[in-house]
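First up is the structure itself, then whatever we jot down about it.
The values are calculated or read from the model by the stated rules, or taken from the named source; none is laboratory data. In this text the structure is predicted, and so the values were computed from the model without any measurement. All Cβ positions, glycine included, derive from the backbone under ideal geometry; neighbour counts span all protein chains shown.
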Amino acid sequence: MIEAALAGPLPAYVYDLDVVRGRIRALRDVLPAGTLVAYAMKANGHPDVLRAAAAAADAVEVASAGELDAAAGLGVPLILSGPAKPDALLRRAVDAGAVINVESLHELRRIPGRARICLRVNRTHPALPGTHRMSGTATQFGLAEDDIPAALELGRRHDVQGVHLHAVSNNLDAAAHAAFLRDCLAWAAGRGIGPVVNAGGGFGVDVTGRETFDLDRLRDVDLPAGLTLVVEPGRFVAAPAGWYAAEVIDLKSSHGTWFAVVKGGTHHFRLPASWGYSHPFTILPVEAWPYPWPRPEVRDTRVTVAGEQCNPRDVLARDEPVPRLRAGDVLLFARTGAYGWEVAHHDFLRLDPPRFTTLDGQRPDGQPPAGGTRP
Ligand SMILES: *Cc1c(COP(=O)(O)O)cnc(C)c1O
């Protein structure tokens with residue numbers, strides 16, 4: 001199936017919209033009945049992915065004017081976050097009927113007219129370990145707990161729906177995440193702010209495929225009466241729905257290390273460079289070889305996969321074992337659907353963008369593409 005989607009110019013991103021929909025469904029299935037799932041589109045804003053996610057979710061979470069514009073026509077409720085919202089963006093969000101997650105008292109004063117708002121709070125006590133911590137520590141996000149009374153007072157001219165407590169990204173510890181959700185609900189119930197308790201995203205995906213977020217652990221979150229839980233997954237929905245494919249242009253040994261050099265690289269898929277890890281891949285053998293000379297080939301060795309940038313940091317994978325690899329073969333990187341293309345420096349060196357394509361959901365064998373995951 002994925003081979004068919006790859007029949008065309010490479011590099012390419014292939015997205016499986018069934019995975020997008022399935023991940024949202026899987027999250028909904030384990031969370032308390034009535035939980036609202038908002039797709040955080042910054043993880044992947046490709047129009048097809050966004051459309052599929054918006055149709056499966058209850059809302060889309062946006063964090064810029066560009067995202068607001070992209071999501072506005074989809075007919076789903078919008079949630080606006082972000083610590084630096086210009087006046088014009090606040091105006092457009094009010095006009096679009098978005099719920100605005102208010103990040104400061106000054107921002108609250110700047111919201112025109114009457115808006116639906118949630119107070120984004122940076123809580124005093126850390127509730128969750130993990131990377132990219134945004135709560136319980138000094139960050140640019142949210143209001144201090146001490147500012148809540150003033151915010152409620154200023155918010156009287158608005159429709160205050162509750163609190164927003166997004167705190168972390170890529171947490172792989174599902175038991176800790178369940179505890180975090182329970183803690184958010186108990187904290188909000190204790191303060192009488194509600195009914196909405198938006199606990200944000202942060203449901204993790206191990207991009208190397210070794211660990212999985214154990215969704216079942218979320219089943220033991222109980223919803224206190226009168227509260228509505230909202231979650232905003234981005235990575236969890238999009239990461240396993242994407243594959244990045246690149247052709248090996250050259251294969252050579254340098255100072256004792258084998259390099260597979262691909263057309264493509266970290267200007268398309270940025271995570272390995274920014275997080276400093278090696279992204280595993282599978283090899284799609286390509287039999288065609290257009291040249292009259294012997295094909296560069298390695299067997300049972302380790303290769304480092306470098307991209308086409310003139311830059312030694314343009315590396316997608318390091319010292320990965322390969323049974324056999326030849327120039328002209330295609331490398332397929334699974335779990336590249338979130339924060340890959342979105343955060344890459346696309347225009348560096350004026351290199352070509354990848355092609356984008358989707359599987360159509362009509363897979364005859366019902367199997368995921370190579371290296372994929374399915375809930
Ligand atoms: C980025 C972000 C999310 C999504 O985070 P993931 O780690 O991708 O789930 C959700 N809510 C807010 C406010 C965000 O900034």
Report task. Test each condition in (1) surrounded by fewer than 21 Cβ atoms within 10 Å (Cβ to Cβ); (2) touching a residue at least 60 places away in the same chain (Cβ under 8 Å) for Arg210 and report the one that comes out false. Result -> (2)
Query raised in the report: Given the structure, is Ala54 touching a Pro at 6+ places or on another chain (Cβ under 9 Å), of a type in the set (A, V, I, L, M, F, W, C) and in the same structural domain as Phe180 (by TED's automatic domain parsing)?
Result: no
Report summary line: Inside the range 307-319, the number of residues satisfying the requirement of being surrounded by fewer than 19 Cβ atoms within 10 Å (Cβ to Cβ) and either at negative phi or among the hydroxyl-bearing types (Ser, Thr, Tyr) (or both) is 6
Query raised in the report: If you go through the range 201-211 one residue at a time, how many are more than 16 Å from the ligand (Cβ to nearest atom) and under 16 Å from Glu232 (Cα atoms)?
Result: 0
Report task. Search the range 91-109 for residues being surrounded by 19 or more Cβ atoms within 10 Å (Cβ to Cβ) and without any contact (Cβ under 8 Å) to a residue 24 or more places away in the chain, and hand back the single one that is farthest from the ligand (Cβ to nearest atom). Result -> Val94
Query raised in the report: Within the bounds of the range 63-76, is there any residue that is buried (at least 21 other Cβ atoms within 10 Å of the Cβ) and under 29 Å from Asp173 (Cα atoms)?
Result: no
Requested in this report: Working carefully through the options Ala71, Ala63, Ala53, find the one that is over 21 Å from Asp159 (Cα atoms) and within 13 Å of the ligand (Cβ to nearest atom).
Outcome: Ala53
Report task. Kindly list, by first and then second residue, each pair from a residue in the range 120-142 that is within 12 Å of the ligand (Cβ to nearest atom) to a residue that is aromatic (Phe, Trp, Tyr) and modelled with pLDDT under 65, limited to pairs with Cβ atoms under 6 Å and residues at least 6 apart or on different chains. Result -> none
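A quick yes/no check of all residues on (1) in contact with a Pro (Cβ under 6 Å, 6 or more places away or on another chain); (2) within 16 Å of the ligand (Cβ to nearest atom):
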residue	(1), (2)
Val160	no, no
Leu165	no, yes
Leu172	no, yes
Ala175	no, no
Leu185	yes, no
Ala188	no, no
Ala199	no, yes
Phe213	no, yes
Val230	no, yes
Requested in this report: Would you mind finding the one in Arg156, Arg110, Arg123, Arg114 that is in contact with a helix residue (DSSP H, G or I) (Cβ under 8 Å, 6 or more places away or on another chain) and closer than 22 Å to Arg191 by Cα?
Outcome: Arg123
**Report entry** All positions within the range 264-295 that are over 15 Å from Pro321 (Cα atoms), more than 18 Å from the chain's Cα centre (by Cα) and crowded, with 18+ Cβ neighbours inside 10 Å
**Finding:** Gly264, Gly265
